[in-house]
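Enquirer: This is the structure, below, for whatever I ask next.
Nothing in this text is a laboratory measurement; each read-out follows from the coordinates by a stated rule. Keep in mind that what you see is a predicted model, and the values were worked out from it rather than measured. Quick reminder, even Gly has a Cβ in these numbers, built from the backbone with ideal geometry, and neighbours come from all protein chains shown.
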Amino acid sequence: MIGNFLKTWWKPIILYLVIYGIYLISLLCANKFIIEIFEWLLYFPIIIVIISSVYIVFKSKWYYSLLQFGVLGVTIIYLITFLMFYSNDFFADDLEIPKNIKFEKPKFEIDTLTIREHNTLEIKNDSQPGIYEYYFWYKPSKKGELYVKASEITQNIPLSKQQIKEKSLIKVKPNDNLQLFHKIFTIYEGDWGKPYGSKISVYFKPDNKPEQKLIEKNYMVEGWMR
């Protein structure tokens, strides 16, 4: 029975295409539950098709084996390409927003003309959800680097760790006056319309010395959907 299934070239392909189709539809519908199930089930028919192709080479007509590999190759390339541009990551779906913590929301305008008297951090929305600007008033006493770190607040999961550091990094020099430092950064975790709690911190790393946290605030954020 198993041998008959393997040597009939279209049967493993039908099994594969059915599971592949369900997985693709669940991606289009953004159904997290079905996606998580079928992204693992998909490996099973792929292995069956490969075994069948090898079996057919020795037991049946070899060009059917090429046909199987052709179907497998085209569909997998399509899926990989689709996933490269797939925007939903479901990061925020199961996250709870703590009720005992006060959160600020990113502003739409920042008053940069008013003089601040101490270290001050303010976050502003940029062109799309998930893209933010940070405004930080600070008086550097040493030469070094200034940059932002962000994390999800309930599980302390780092958010876009390397990308945010690279985008937000500013070289600073000692100054006697409070200065305004400003740059744009992007949070990739999460989807539009699904806000979650985060901690946004500004760090300073003096040359040849360990980094130090200068300020931290709680913000409601969203992830940028590519």
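Enquirer: What number goes with the only condition from (1) more than 27 Å from ILE200 (Cβ to Cβ); (2) surrounded by 13 or more Cβ atoms within 10 Å (Cβ to Cβ); (3) more than 19 Å from the chain's Cα centre (by Cα) that TYR78 does not pass?
Expert: (2)
Enquirer: Could you grab me the full set of residues in region 168-226 that are touching an Asp or Glu at 6+ places or on another chain (Cβ under 8 Å), hydrophobic (A, V, I, L, M, F, W, C) and not in a strand (DSSP E or B)?
Expert: Scanning region 168-226 gives LEU169, LEU178, ILE187, TRP192, MET225.
Enquirer: May I ask you to list the residues in region 111-154 that are under 24 Å from ASP176 (Cβ atoms) and of a type in the set (Val, Ile, Thr)?
Expert: Once the filter is applied, which keeps residues that are under 24 Å from ASP176 (Cβ atoms) and of a type in the set (Val, Ile, Thr), region 111-154 yields THR112, THR114, ILE115, THR120.
Enquirer: Exactly one of (1) part of a loop (DSSP other than H, G, I, E, B); (2) in contact with a helix residue (DSSP H, G or I) (Cβ under 6 Å, 6 or more places away or on another chain) is unmet by VAL57. Its number?
Expert: Exception for VAL57: condition (1).
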